[in-house]
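Each remark here refers to the structure printed beneath this line.
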Amino acid sequence: MTPTFLIGYMGCGKTTLGEELARQMGLRYIDLDDYIEDRQGMTITDIFQEMGEGHFRELEVNALRDVAAMTDVIVGCGGGTPCHGDNMALMNRSGVTVWLTTSPERITARLLLPDQKAKRPKVANLPDEAVLSLVEKELEARTPYYAQAQLQFDSTDIETAEATIRTANRLADVLQNCH
């Protein structure tokens, strides 16, 4: 089976839903940022700080090419991955792209959870009241890229383990018809 690429803004559920989806479908889940970190031996934050965004984007497209050639994988992409170079075209040619959607308010609520906010550099140092504005602004800018996905799927209902299982099951049904 060709890769399934999950795209969308941070906090939309790519990892939460992707891991459960892969489990249900008997596939491997790959987080693209983790894949890059493993190969570089450093964190994404360190790559940005030491080598700059341009170098990170080169590493990202190389990693994307690697996973695009794999089979039987669900790939959770970074929120900015679809917005650079011809990444969306590469993903659309190589497999099935799914834009996970939920409201800016739900994304913000997820990002403001203490364990989430601290590990996300883009929002870690923002006052809580500024996060929704950032989410709305960036979602507006990224929507033209995300909208190039072959499928759009509502990832709102993943707040509990049971809900995540149900939502992943619905997405698995959709994907069975695409592959």
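At a glance:
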read-out	value
Residues satisfying the stated conditions in the stretch 74-84, i.e. open to solvent by less than 30 Å² (accessible area, probe 1.4 Å) and outside any helix (DSSP H, G or I)	Ile74, Val75, Gly76, Cys77, Gly78, Gly79, Gly80
Residues within the stretch 94-118 that are in a helix (DSSP H, G or I) and either in contact (Cβ under 8 Å) with a residue 24 or more places away in the chain or among the hydrophobic types (A, V, I, L, M, F, W, C) (or both), tallied	10
Meets criteria (under 17 Å from the mean Cα position of the chain (by Cα) and open to solvent by less than 60 Å² (accessible area, probe 1.4 Å)) for Ile30	yes
Lone qualifier among Asn125, Asn92, Asn87 - being open to solvent by 30 Å² or more (accessible area, probe 1.4 Å) and within 26 Å of Met70 (Cβ to Cβ)	Asn92
Hits in the stretch 45-73 - residues which are of a type in the set (Lys, Arg) and not in a helix (DSSP H, G or I)	none
Among the candidates Ala68, Ala22, Ala63, residue that is modelled with pLDDT of 95 or more, open to solvent by less than 50 Å² (accessible area, probe 1.4 Å) and more than 18 Å from Cys178 (Cβ to Cβ)	Ala63
Selection within the stretch 9-52 - in contact with a Phe, Trp or Tyr (Cβ under 7 Å, 6 or more places away or on another chain) and acidic (Asp, Glu)	Glu19
Any pair with Cβ under 7 angstrom, 6 or more apart, that starts in the stretch 162-176 at a residue that is touching a residue at least 24 places away in the same chain (Cβ under 8 Å) and ends at one that is open to solvent by less than 80 Å² (accessible area, probe 1.4 Å) and among the polar types (S, T, N, Q)	Thr164/Thr16; Thr167/Ser155; Ala168/Gln24; Asn169/Gln24; Ala172/Gln24; Leu175/Thr4
Exclusive hit being more than 30 Å from Gln24 (Cα to Cα), out of contact with any helix residue (DSSP H, G or I) (no Cβ under 9 Å at 6 or more places or on another chain) and either of a type outside the set (A, V, I, L, M, F, W, C) or open to solvent by less than 60 Å² (accessible area, probe 1.4 Å) (or both), set Lys137, Lys119	Lys137
Residue satisfying all of: in the stretch 36-52; under 18 Å from the mean Cα position of the chain (by Cα) and either charged (D, E, K, R) or within 27 Å of Asp173 (Cβ to Cβ) (or both); most open to solvent (accessible area, probe 1.4 Å) among these	Asp38
The stretch 95-116 - residue that is farther than 30 Å from Gln176 by Cα and surrounded by fewer than 18 Cβ atoms within 10 Å (Cβ to Cβ) and, of those, modelled with the highest pLDDT	Glu105
Residue tally, condition under 15 Å from the mean Cα position of the chain (by Cα) and free of Cβ contacts under 8 Å to residues at least 24 places away in the same chain, over the stretch 120-148	1
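The values are calculated or read from the model by the stated rules, or taken from the named source; none is laboratory data. Worth saying up front: this structure is predicted, and the values here are computed from it rather than measured. A quick note on method: Cβ atoms are made from the backbone with ideal geometry, for glycine too, and the neighbour counts reach across all protein chains shown. Areas reflect the complete protein model, heavy atoms only, side chains present, ligands, DNA and RNA absent. Shrake-Rupley method; radii C 1.70, N 1.55, O 1.52, S 1.80 Å.
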